[in-house]
């Protein structure tokens with residue numbers, strides 16, 4: 001038989017092609033059986049640019065120059081020793097310190113110093129109670145005796161304390177009459193004084209509004225009892241430290257005394273340095289020290305719902321439905337400027353006169369702190385509010401006119 005080389009070459013090529021095709025088909029079949037789901041390539045999502053926030057300090061610069069001039073003139077006329085802060089839509093427009101840190105030695109005022117907030121402290125106490133309420137540790141509509149066993153007046157509720165409707169006696173009178181120790185009573189000891197020596201309520205609880213420091217001292221005792229922490233520790237750990245409020249303190253100590261201003265009282269043609277009040281061992285009605293900047297940061301985050309829920313903030317600002325009075329929320333007083341609501345609180349203690357005002361319609365916050373018992377602080381604060389409202393209105397009108405004017409083409 002004759003060998004046919006062409007035939008065998010073609011046969012070899014055919015076999016090689018057949019093997020390659022078979023292997024490829026096996027590979028596709030094998031790997032397709034291990035594939036359980038299709039792999040999707042995630043779509044690239046374009047991030048939407050955040051809306052730009054106007055820089056009101058720059059936009060209102062013309063009006064702010066005039067505001068600064070007018071406030072300085074009034075501060076000099078009223079002999080203000082203190083600090084002022086004006087904020088609009090959460091931006092600080094104006095912040096300045098006036099007068100003296102020590103009006104006797106004429107040491108000038110320094111930025112960042114802390115003032116005894118006096119009754120402005122009540123908002124911190126109310127916030128602490130509402131925080132416990134949110135966490136279901138307490139219920140503000142339950143009687144105080146639910147949280148302070150053996151509390152004498154069983155009909156008084158936590159809400160009554162918050163709203164100044166408890167009818168409790170002034171604890172300072174009880175302390176001065178019945179407390180025999182050199183160190184003033186703390187919050188829980190004040191409760192003991194009430195239980196032992198208050199013969200009755202001034203009126204049935206819940207019936208009337210009567211401003212009461214005692215109620216907020218008892219609230220402080222509730223915080224201590226239910227959290228098992230001193231009120232100062234609770235405020236620091238729950239509020240001050242998370243917000244990095246390094247210029248805010250509860251109680252004056254050796255560690256922070258250089259950061260806290262002393263209070264002064266006019267005497268004849270000079271001033272005298274006031275010693276700390278005897279009742280300073282009880283907290284809640286007073287006792288918080290803060291700079292204007294720290295108080296603003298606290299209030300900004302409070303009103304914006306970053307510290308408490310909106311429901312709790314509404315309670316503090318008197319916005320709750322069915323509130324029994326329109327004069328006080330919880331930790332804040334309520335008033336009206338014409339038809340517009342005003343949420344505010346003032347404080348007077350140990351030579352300090354302070355105030356914070358919030359005008360929700362304009363989103364305007366004004367803080368005024370003084371430490372020399374200056375009775376004209378109230379007029380000074382009212383003047384700043386009027387100037388600030390005028391500034392906002394004038395600046396808005398100017399910016400609107402500038403926006404409407406066509407550009408001049410030369």
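List of remarks:
- Residue among 188, 219 that is under 21 Å from residue 143 (Cβ atoms) and buried (at least 20 other Cβ atoms within 10 Å of the Cβ): 219
- Residue 361 vs. criteria without any contact (Cβ under 8 Å) to a residue 60 or more places away in the chain, part of a loop (DSSP other than H, G, I, E, B) and under 26 Å from residue 133 (Cα atoms): no
- Strands (runs of 3 or more DSSP E) within segment 75-146 that include 1 or more residues under 18 Å from the mean Cα position of the chain (by Cα) and in contact (Cβ under 8 Å) with a residue 40 or more places away in the chain: 82-88, 91-98
- The number of residues in segment 162-194 that are in a helix (DSSP H, G or I) and more than 22 Å from residue 124 (Cα to Cα) comes to 9.
- A count restricted to segment 233-257 and to residues that are in contact with a strand residue (DSSP E or B) (Cβ under 7 Å, 6 or more places away or on another chain), over 13 Å from residue 301 (Cβ atoms) and without any contact (Cβ under 8 Å) to a residue 24 or more places away in the chain stands at 1.
- Number of residues in segment 193-230 that are under 31 Å from the mean Cα position of the chain (by Cα) and free of Cβ contacts under 8 Å to residues at least 24 places away in the same chain equals 3.
Bear in mind these aren't lab numbers, they're just calculated from the coordinates by the rules spelled out. Because the structure is a prediction, the values reported are computed rather than measured. Please note: Cβ atoms are built from the backbone with ideal geometry, for glycine as well, and neighbour counts cover all protein chains shown.
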